[in-house]
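The values are calculated or read from the model by the stated rules, or taken from the named source; none is laboratory data. None of these values were measured; they are calculated from a predicted model. Cβ placement follows ideal geometry from the backbone for every residue including glycine, while neighbour counts extend to all protein chains displayed. Side chains are part of the model used for accessible areas, which takes the heavy atoms of the whole protein and leaves out ligands, DNA and RNA. Shrake-Rupley method; radii C 1.70, N 1.55, O 1.52, S 1.80 Å.
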Amino acid sequence: MEKIIFDCDTGHDDAIAIAMAAGLKDEIEIVGIIASMGNSPLENTLRNTLNVAEAVGLECPVFRGSENPLVRQRVAAGDFHGESGLDGVSFPPRKRQECMGNGILWAIDTVMSHPGEITFVSVGPYTDLALCIKAEPGFAKALKKIVLMGGSMGRGNATPSAEFNIFADPEAAEIVYSSGAEIVAMGLDVTTKVTLTEEIHDRIRNMKDSGYKKLLLDQLAFYIRSNLTHNGSMPNMHDPCTIAYLADPGMFTLERHQVHVETKGELTYGRTVTGPVDETAPVSFGTDCDTERFWRLFFRSVGNLK
Ligand code: BDR
Ligand code: CA
């Protein structure tokens, strides 16, 4: 059983990652979720996270995370995820509320009282994780590992150099990569190979009816349109790769590298700079995925949701 703290900036692919984790109850236990700014402002990502958590039947606490990056001005993912950060979906009035208290302090407390047991998964900017590492010197060592969506060993998507989650807080990403923790990063090199196809979309339409199926189809209707408009391609399953990795790591090919983040360059701000393959390095970057195995896991997980 993987016990995780899930840190997200809930837009469309974050929401699918949350749903997959919720559908894999025997393999993944979400101890708590922290919502951070990222795809859109914190008020949006927090509301979206609470709505999605309730819709997929998660009872874990949901905390408010960072409102701003550590150093840079906040950037948002344009209108990629729409005005609400999760356009296309309307949720019924919600019963659950955010958990009061500071998400960073809660995460530190939880990890430090369960050394070696908890994996921190971050699929938005890494601001919250960096704050935990800075505030508690033993935090990185006390984690089982860190699983990230972000970065790239080639080109970026927010700029030619930088992937969005890193670009949104490069200084935080550098703190995370320098922490010495064991890190698995699902960057664009692999996540852009895990792409929704028309055939998979049809298979989702043919799933047995459920509240979640309707939610998924509604959110995909917007997300597909948005991806076709902005990228000319179907959506990539960026954030769900982290959950797939936790449930079935063998579907991914990884390479170990030393990684640093460019925090000074005018054209390269937020670039993840990797050295040659180095078996002693603490960071494994995803390079490839057995996508058939990914979609098998996807249908098994979301098929468990009501
Ligand atoms: C990342 O950016 C966000 O918009 C997605 O949710 C994902 O975490 C991909 O670059
Ligand atoms: Ca995200």
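Report relative contact order for the chain in percent, whole number only (criteria: Cα-Cα under 8 Å, sequence separation at least 6).
Across the chain, relative contact order equals 21 percent.
Applying the Karplus parametrisation 6.51 cos²θ - 1.76 cosθ + 1.60 with θ = phi - 60° to the phi angles of the stretch 10-18, what ³J(HN,Hα) value in whole Hz is obtained for each residue in order, glycine and proline being reported as x?
In residue order, the calculated couplings are 3, x, 5, 6, 4, 4, 5, 4, 4 Hz.
Run the simple label-point estimate for Thr195 and Asp209 please: 7 Å along Cα→C-beta, distance reported in nm.
Rounded to a tenth, the inter-label distance reads 3.4 nm.
With +1 assigned to the C-beta of every Lys and Arg and -1 to the C-beta of every Asp and Glu, and no other charges, what is the dipole magnitude of the chain about the Cα centre in debye, to the nearest 20?
Computed charge dipole of the chain: roughly 540 debye.
Of the beta bridges DSSP finds with both residues in the chain, what % are antiparallel, to the nearest 5?
Here the share of antiparallel DSSP bridges comes out near 30 percent.
List the residues, sorted by chain then number, that are 5 or more residues from Lys3 or on another chain and whose placed amide H is less than 5 Å from its amide H.
Excluding prolines and chain starts, which carry no amide H, the hits are Glu29, Thr119.
Going by the alpha-carbon gyration tensor, a ≥ b ≥ c the square roots of its eigenvalues, is the chain rounded (a/c under 1.5) or, if a/c is not under 1.5, prolate (a/b greater than b/c) versus oblate?
Since a/c stays below 1.5, the shape of the chain is classed as rounded.
Just need the relative contact order of the stretch 25-122 here, percent rounded to a whole number, with Cα pairs under 8 Å and 6+ apart.
Contact order relative to length: 31 percent.
Cα gyration tensor of the stretch 35-133, axes a ≥ b ≥ c as square roots of the eigenvalues: rounded (a/c below 1.5), prolate (a/b > b/c) or oblate?
Cα axes put the stretch 35-133 in the oblate bin.
How large is the accessible surface per residue of the stretch 1-103, computed with a 1.4 Å probe and reported in Å² as a whole number?
39
Can you work out the Karplus-derived ³J(HN,Hα) for every residue in the stretch 289-306? Use 6.51 cos²θ - 1.76 cosθ + 1.60 with θ = phi - 60°, whole Hz, and x for glycine or proline.
Karplus values, whole Hz, x for Gly and Pro: 9, 7, 5, 4, 5, 4, 5, 4, 5, 4, 5, 5, 6, 6, x, 7, 8, 8.
Is the stretch 57-190 best put as rounded, prolate or oblate by its Cα gyration tensor, with a ≥ b ≥ c the root eigenvalues, rounded for a/c under 1.5, and otherwise prolate when a/b is larger than b/c, oblate when not?
Verdict is oblate for the stretch 57-190.
Counting other C-beta atoms within 10 Å, and keeping those with at most 12, which DSSP coil trypsin sites (Lys or Arg not before Pro) do you find in the stretch 82-118?
Arg94, Lys95
Given points 7 Å out from each Cα along the Cα-Cβ axis, report the Leu217 to Asp109 separation in nanometres with one decimal.
4.3
Using 1/(1 + (r/R0)^6) with R0 = 35 angstrom and r between the beta carbons of Ala135 and Val273, what's the FRET efficiency to the nearest 0.05?
After rounding, the FRET efficiency stands at 0.85.
Which value in deg cm²/dmol, rounded to the nearest 500, describes the helix-derived mean residue ellipticity at 222 nm for the chain, given -39,500 (n - 2.57) per DSSP H run of n ≥ 4 and division by the residue count?
Computed mean residue ellipticity for the chain: -10500 deg cm²/dmol.
Along the Cα→Cβ direction, 7 angstrom out, place labels at Thr159 and Gln258. What is the inter-label distance in nm?
2.4
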